[in-house]
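Working notes for the structure below.
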Amino acid sequence: ALKPDVTAELLSQATLRDVSAGETIVERGVRSGDIGYVLDGTLAMIQVFEDGKQHIVGLLVPTDIFGRVFDGPSNYRIEALTKVRLLTFQREPFEQVLRAHPEAERLFLVHLLDEIDAAREWLLLISGRKALNRLASFLAILARRSKYKQTGSLPVVHVPLARKDLAQYLGSRPETLSRAFHELENKGILR
């Protein structure tokens, strides 16, 4: 969506990075020197509490950007849930491109608005009274936001979380989540 010269300027600063599952990319409370763009894989935004407990508060999938431009430290840890391929940009040169090219800054701001919409969507998801509703909403969001394979007329969605992590993410217990998966299967909604 950017002019070729702006795209070329950004790409000249980009570094391709492969990250293994489980690797921490950004620590909570640390001002990262990089801005990242997810090309492939899934990252988790993890809130770590004073007592050491952790909770996944969001997922980053291909085309998502992370890193606090023009701001301070991260409010959460970012960790790879799967093998991930990223484009990373050093923060200061990236900020300079945004300042010098209003169309790039506008595109970045539109992305931030998309993140706000995703957060509102997440609030709707977790407000579902039943685990079944939360799971169905999560799967619909994941199908829309991630690259999925098409098998015939049906999408095949990869869920990048272990069952216990997904249960925690959806405010449920693993056993309840299993029952919800089976109920969606029994209703013919998923296989």
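With respect to (1) within 29 Å of Leu39 (Cβ to Cβ); (2) modelled with pLDDT under 85, the lone exception for Leu190 is condition (2).
When you look at Gln13, is it more than 26 Å from Glu121 (Cα to Cα), without any contact (Cβ under 8 Å) to a residue 12 or more places away in the chain and either surrounded by 13 or more Cβ atoms within 10 Å (Cβ to Cβ) or hydrophobic (A, V, I, L, M, F, W, C) (or both), yes or no? I'd like the intermediate steps shown before the answer.
On the way: more than 26 Å from Glu121 (Cα to Cα): yes; without any contact (Cβ under 8 Å) to a residue 12 or more places away in the chain: no; either surrounded by 13 or more Cβ atoms within 10 Å (Cβ to Cβ) or hydrophobic (A, V, I, L, M, F, W, C) (or both): yes.
It is false that Gln13 is more than 26 Å from Glu121 (Cα to Cα), without any contact (Cβ under 8 Å) to a residue 12 or more places away in the chain and either surrounded by 13 or more Cβ atoms within 10 Å (Cβ to Cβ) or hydrophobic (A, V, I, L, M, F, W, C) (or both).
In the range 21-36, the residues that are on the phi < 0 side of the Ramachandran plot reach residues that are open to solvent by 50 Å² or more (accessible area, probe 1.4 Å) with C-beta atoms within less than 7 angstrom, at least six apart or across chains, in these pairs: Ala21/Lys83; Arg28/Asn75; Arg28/Tyr76; Val30/Pro73; Arg31/Pro73; Gly33/Gln90; Asp34/Gln90. Scanning the range 1-56 for residues that are part of a strand (DSSP E or B), in contact with a helix residue (DSSP H, G or I) (Cβ under 9 Å, 6 or more places away or on another chain) and of a type in the set (A, V, I, L, M), we see that the one that is nearest to Val110 (Cα to Cα) is Ile35. Just need a number here: residues in the range 51-76 that are open to solvent by 30 Å² or more (accessible area, probe 1.4 Å), in contact with a strand residue (DSSP E or B) (Cβ under 7 Å, 6 or more places away or on another chain) and of a type in the set (D, E, K, R). Here the count works out to 0. Just wondering, is there one or more residues in the range 108-130 that are at pLDDT below 85 and among the hydroxyl-bearing types (Ser, Thr, Tyr)? So far as the range 108-130 goes, yes, one or more of its residues are at pLDDT below 85 and among the hydroxyl-bearing types (Ser, Thr, Tyr). Taking Ala118, is it open to solvent by 60 Å² or more (accessible area, probe 1.4 Å), of a type in the set (A, V, I, L, M, F, W, C) and closer than 26 Å to Leu10 by Cα? Here the answer is no, as Ala118 does not meet what is asked.
The lone criterion from (1) under 26 Å from Ser20 (Cβ atoms); (2) modelled with pLDDT under 90; (3) of a type in the set (A, V, I, L, M, F, W, C) left unmet by Phe89 is number (2).
All conditions but one from (1) in contact (Cβ under 8 Å) with a residue 24 or more places away in the chain; (2) more than 27 Å from Ala143 (Cβ to Cβ) apply to Leu43; the one that does not is (2).
Being more than 23 Å from the chain's Cα centre (by Cα), under 25 Å from Pro73 (Cβ atoms) and either surrounded by fewer than 16 Cβ atoms within 10 Å (Cβ to Cβ) or β-branched (Val, Ile, Thr) (or both) is not true of Pro102.
For the range 18-67, filtered to residues that are over 17 Å from the mean Cα position of the chain (by Cα) and among the basic types (Lys, Arg), the residue that is modelled with the highest pLDDT is Arg31.
Restricting to the range 173-191, name every residue that is over 20 Å from Ala162 (Cβ atoms) and surrounded by 11 or more Cβ atoms within 10 Å (Cβ to Cβ). Within the range 173-191, Glu183, Ile189 qualify.
The values are calculated or read from the model by the stated rules, or taken from the named source; none is laboratory data. Bear in mind the structure is a predicted one, so any value in this text is a computation, not a measurement. Neighbour counts are summed over all protein chains in view; Cβ atoms, including those assigned to glycine, are modelled from backbone coordinates with ideal geometry. Side chains are part of the model used for accessible areas, which takes the heavy atoms of the whole protein and leaves out ligands, DNA and RNA. Shrake-Rupley method; radii C 1.70, N 1.55, O 1.52, S 1.80 Å.
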